[in-house]
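Colleague: First the structure, then my questions, so here it is.
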């Protein structure tokens, strides 16, 4: 699940209107939606230090260390990873799988296994990523560009396997299971000590919630200033 992108999220919300209901000193309800439709609607309930989220963008609960409200933290201007750390539960969990990020990470980690220059290395990676070789790993036959520049055959084989499984997997679990069940995969360099986080990204829904809070704050605070 790749990220949506900040521009896409803001486009979803360009016609949204924030409606705030203050129930008591400890409870507020913020409805963030486009009038006359529930598409991309998000409903936030702030209660003490909790934020409960529901609507059209799935469900989540955040357990914070501060008293939550529509205007706390200077309009929810906080770091995404810090916000994600307060997540208690969500429809798709705290983390998601991103094949593109997984490959980027692996390409960087295996760079030291190549003795040639960067252009040659990227040529080899491009070939590997394009082939989806799967179980046909006879490295004496595979015509990988600049194959002779890899430090050893084991590093080349492991790199082929990890990159191809990263490209074809739809989750962290599928990636791990594919490698662990592959007879050609050898963890000769403690791969699972550094490769377990491959492709692991923050659930993109969390960024959606944070952007929604920030945009709703900007809209509501603008109305407050106009009414002064």
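Residues are listed down the side, and each one gets a yes or a no for (1) in a loop (DSSP other than H, G, I, E, B); (2) surrounded by 16 or more Cβ atoms within 10 Å (Cβ to Cβ); (3) in contact with a helix residue (DSSP H, G or I) (Cβ under 9 Å, 6 or more places away or on another chain); (4) at pLDDT 95 or above:
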| site | (1), (2), (3), (4) |
| --- | --- |
| 10 | no, no, yes, yes |
| 18 | no, yes, yes, yes |
| 23 | no, no, no, yes |
| 28 | no, yes, no, yes |
| 39 | yes, no, yes, yes |
| 44 | no, yes, yes, yes |
| 51 | no, yes, yes, yes |
| 61 | no, no, no, yes |
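Colleague: Among the residues of segment 178-197, is any at pLDDT below 95, closer than 25 Å to residue 60 by Cβ and outside the structural domain of residue 82 (by TED's automatic domain parsing)?
Modeller: Yes, that holds for at least one residue.
Colleague: Still on this model: Which count do you get for residues in segment 172-208 that are buried (at least 17 other Cβ atoms within 10 Å of the Cβ), in a helix (DSSP H, G or I) and in contact with a helix residue (DSSP H, G or I) (Cβ under 8 Å, 6 or more places away or on another chain)?
Modeller: Count: 7.
Colleague: Which ones in segment 87-127 are buried (at least 19 other Cβ atoms within 10 Å of the Cβ) and assigned to a loop (DSSP other than H, G, I, E, B)?
Modeller: 98, 110
Colleague: Kindly evaluate residue 77 against the criterion of being over 30 Å from residue 198 (Cβ atoms), free of Cβ contacts under 8 Å to residues at least 60 places away in the same chain and loosely packed, with under 15 Cβ neighbours inside 10 Å.
Modeller: Criteria not met by residue 77.
Colleague: Right, something else. If only one of 144, 163 is assigned to a helix (DSSP H, G or I) and touching a helix residue (DSSP H, G or I) at 6+ places or on another chain (Cβ under 6 Å), which one is it?
Modeller: The match here is 163.
The values are calculated or read from the model by the stated rules, or taken from the named source; none is laboratory data. Only a predicted model underlies this, so the values are computations on that prediction, with no experimental measurement involved. All Cβ positions, glycine included, derive from the backbone under ideal geometry; neighbour counts span all protein chains shown.
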